[in-house]
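Student: What follows is a structure written as structure tokens; I'll ask about it next.
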Number of protein chains: 2
Amino acid sequence: MYSIDRHQTIINRGLKEIEYPEQPTDLYQPIRYFLAIGGKRIRPTLTLLAAEMYDCPLERSLNIALAIEVFHNFTLLHDDIMDEAPKRRGQPSVHEQWNTNIAILSGDTMLITAYQLLAKSDPAILPSLLATFNRAAIEVCQGQQFDMQYEQQDLVTIEEYLGMVRLKTAVLLGAALRMGAIVGNATAADAEHLQQFGINVGIAFQLQDDLLDIYGDPKRFGKQVGGDIIANKKTYLLLKAFELAEESDKKELKRWMYEEHDPSEKVKQITQLYDRLHVHEFTVKAMRSYTDTAFTALDRVKLSHPKKEPLRQLTESLLVRNS
Amino acid sequence: MYSIDRHQTIINRGLKEIEYPEQPTDLYQPIRYFLAIGGKRIRPTLTLLAAEMYDCPLERSLNIALAIEVFHNFTLLHDDIMDEAPKRRGQPSVHEQWNTNIAILSGDTMLITAYQLLAKSDPAILPSLLATFNRAAIEVCQGQQFDMQYEQQDLVTIEEYLGMVRLKTAVLLGAALRMGAIVGNATAADAEHLQQFGINVGIAFQLQDDLLDIYGDPKRFGKQVGGDIIANKKTYLLLKAFELAEESDKKELKRWMYEEHDPSEKVKQITQLYDRLHVHEFTVKAMRSYTDTAFTALDRVKLSHPKKEPLRQLTESLLVRNS
């Protein structure tokens, strides 16, 4: 049975060993702090797993994996400023612990650091790595911009929401896998299938996160039940409810969204409405559809089943968190 | 006689022709707006000039030059947020015209765009271009961090100030020239000399800017005379004055720095003190020293004199602005 522990250890050690100049302290301390806060290291693990599928040694794939993780953390650091989030994984965010200017500049430095890590790769594959990485990086910024816009917007369609999720979250998982495939000298077709696997799994992950807000075990996921509902966050569930609801239900939903004095009643009422509209089932169905597309793409990768097992097992272990 | 006009036209057209996706508008409009505000385009011109010295055709060097200019504008855009600057070249800064979040994210996108432009280069020189670019990019961030720190600090030495100027301003001019040399297939020694030329000229430019705050013609430079003095900006002049002043002069300087009601009297008094301490002469001397080092490096470049003339003439035209 595949366990992510070994890869997490390798990645955490690699992140810790990135060398920075001594000075200025206020530029590099926040980076070290933020990278040490943790996280599941899914994206760099995907890169390492894809490379291993093609028997690529770790010393060739590790810096690419680290580049992906440093980039991902750069986006989190800047997103925290934009979302005015005081915490990241239970710890003060960088703009809280230091200040906004330091958070902007440390984030910028992380983005450049990601390119420095990438530039250590074999020159023969550098153009191809850069093309994949640059495109995903731009798309992640687009996704964040759409996300901020949609928060201000009254009407967001399911299609728009899924497009945003694809950009903000899913394309980086796809790029992580494709870059692992590239360093492993996979065929162009295999690299494409692995990327599609990553993108579709990424969307499924987000739908699952949306579901877990209500239907997850708060003890297991460490999040308040209904946090998204209380914050009126535009999730797949909320948008689906609006899509499915008749006029009277829509009115009720809007009325509860304005509720500010009794959050637990708000969560209860909106959850009941979701249940009445079968939002849970619709979301699970959408999730399955993306998962199916993902695994179909993985099936098309021209490698033996055992080679693909770790990636399949990792994905499945991440997808059954709500069972 | 060399004139920068032709290169500026090429660069401005190149910047205008960079293609962005249609959506999201709020991500790409600020980038187009900021890149269209203008500027002298010195850095990309240096890249094109260096490349031309080695008979490198424009189609090989242009994207590298554009990458440098887009990167430079990314730093200006983020610096404007950090410095809370309402204007950039007389126009509202991006965080004023839109908002801070959009300014952060547009800046991030510009940094990635710079790498996209760079990635269009010949794969054979890509690792070398990236190494130069990444290092300069990191150093520019370090310089900005030192600059912010020094603004909060009571005592800053001339050495620290020059170190900051080197990082924040000069290394990018050096990198611009080195990258032009790289795409022109210059020898390693020539590339190094050109880089040193750029770094030393860059420091001289900053010292000149510090001088022009007081001794420049406001009609020609469009800046308020003594703006740096009024803002207590730590310039070479102020730090040199503190270095040279006896206790009593130091006290007077500090007293005038606290003056807030009569800015023109403040400028007058501090300028008189500078004159008494011969700060102007010391600054000109330092400037000449960096310029001499620069031109000695240029002399070492193994090309005929006529090949180096445009670069020499451009630099000299930029250095005699205060005459």
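Student: Pick from B:Val183, B:Val171, B:Val156, B:Val165: which is at negative phi, touching a residue at least 40 places away in the same chain (Cβ under 8 Å) and within 14 Å of chain A (Cβ to nearest Cβ)?
Tutor: That would be B:Val156, the only listed residue that is at negative phi, touching a residue at least 40 places away in the same chain (Cβ under 8 Å) and within 14 Å of chain A (Cβ to nearest Cβ).
Student: Kindly provide the set of residues from segment A:1-24 that are out of contact with any helix residue (DSSP H, G or I) (no Cβ under 9 Å at 6 or more places or on another chain) and not in a loop (DSSP other than H, G, I, E, B), ordered by number.
Tutor: If the condition is that a residue be out of contact with any helix residue (DSSP H, G or I) (no Cβ under 9 Å at 6 or more places or on another chain) and not in a loop (DSSP other than H, G, I, E, B), then A:Asp5, A:Arg6, A:Thr9, A:Arg13 are the ones that fit.
Student: Does B:Glu84 satisfy the condition of being within 10 Å of chain A (Cβ to nearest Cβ) and either touching a strand residue (DSSP E or B) at 6+ places or on another chain (Cβ under 8 Å) or at positive phi (or both)?
Tutor: Yes.
Student: Another question about this same structure. Of all residues in segment B:226-241, which are surrounded by fewer than 18 Cβ atoms within 10 Å (Cβ to Cβ) and either touching a His at 6+ places or on another chain (Cβ under 6 Å) or under 18 Å from B:Met164 (Cβ atoms) (or both)?
Tutor: Answer for segment B:226-241, where residues must be surrounded by fewer than 18 Cβ atoms within 10 Å (Cβ to Cβ) and either touching a His at 6+ places or on another chain (Cβ under 6 Å) or under 18 Å from B:Met164 (Cβ atoms) (or both): B:Ala231, B:Asn232, B:Lys233.
Student: With a cut-off of at least 1 residues that are of a type in the set (A, V, I, L, M) and touching a Lys or Arg at 6+ places or on another chain (Cβ under 7 Å), name the helices (runs of 4 or more DSSP H) lying wholly within segment B:221-323.
Tutor: Helices (runs of 4 or more DSSP H) meeting the threshold: B:227-230, B:279-300.
Student: Mind counting the residues in segment B:83-99 that are surrounded by fewer than 14 Cβ atoms within 10 Å (Cβ to Cβ) and in contact with a Pro (Cβ under 8 Å, 6 or more places away or on another chain)?
Tutor: Of the residues in segment B:83-99, 1 are surrounded by fewer than 14 Cβ atoms within 10 Å (Cβ to Cβ) and in contact with a Pro (Cβ under 8 Å, 6 or more places away or on another chain).
Student: Now a separate question. So, in segment A:25-46, how many residues would count as being of a type in the set (S, T, N, Q) and in contact with a Phe, Trp or Tyr (Cβ under 9 Å, 6 or more places away or on another chain)?
Tutor: 1
Student: For segment B:64-82, which residues satisfy the criterion of being surrounded by 23 or more Cβ atoms within 10 Å (Cβ to Cβ) and either among the acidic types (Asp, Glu) or out of contact with any helix residue (DSSP H, G or I) (no Cβ under 9 Å at 6 or more places or on another chain) (or both)?
Tutor: If the condition is that a residue be surrounded by 23 or more Cβ atoms within 10 Å (Cβ to Cβ) and either among the acidic types (Asp, Glu) or out of contact with any helix residue (DSSP H, G or I) (no Cβ under 9 Å at 6 or more places or on another chain) (or both), then B:Glu69 is the only one that fits.
Student: Give B:Thr293, B:Thr283 a once-over and let me know the one that is of a type in the set (Val, Ile, Thr), at pLDDT 95 or above and closer than 15 Å to B:Leu244 by Cα.
Tutor: From the options B:Thr293, B:Thr283, the qualifying one is B:Thr283.
Student: Kindly indicate whether A:Ala137 is closer than 23 Å to B:Pro127 by Cβ, surrounded by fewer than 22 Cβ atoms within 10 Å (Cβ to Cβ) and small (Gly, Ala, Ser).
Tutor: No, not satisfied.
Student: Against the condition farther than 22 Å from A:Glu69 by Cβ and not small (Gly, Ala, Ser), how does A:Asn200 come out, does it pass?
Tutor: no
Student: Could you run through segment A:25-63 and say how many residues are assigned to a helix (DSSP H, G or I) and more than 14 Å from every other protein chain (Cβ to nearest Cβ)?
Tutor: So the count comes out to 22.
The values are calculated or read from the model by the stated rules, or taken from the named source; none is laboratory data. None of these values were measured; they are calculated from a predicted model. Cβ sites come from the backbone with ideal geometry, for glycine too, and all protein chains shown count toward neighbours.
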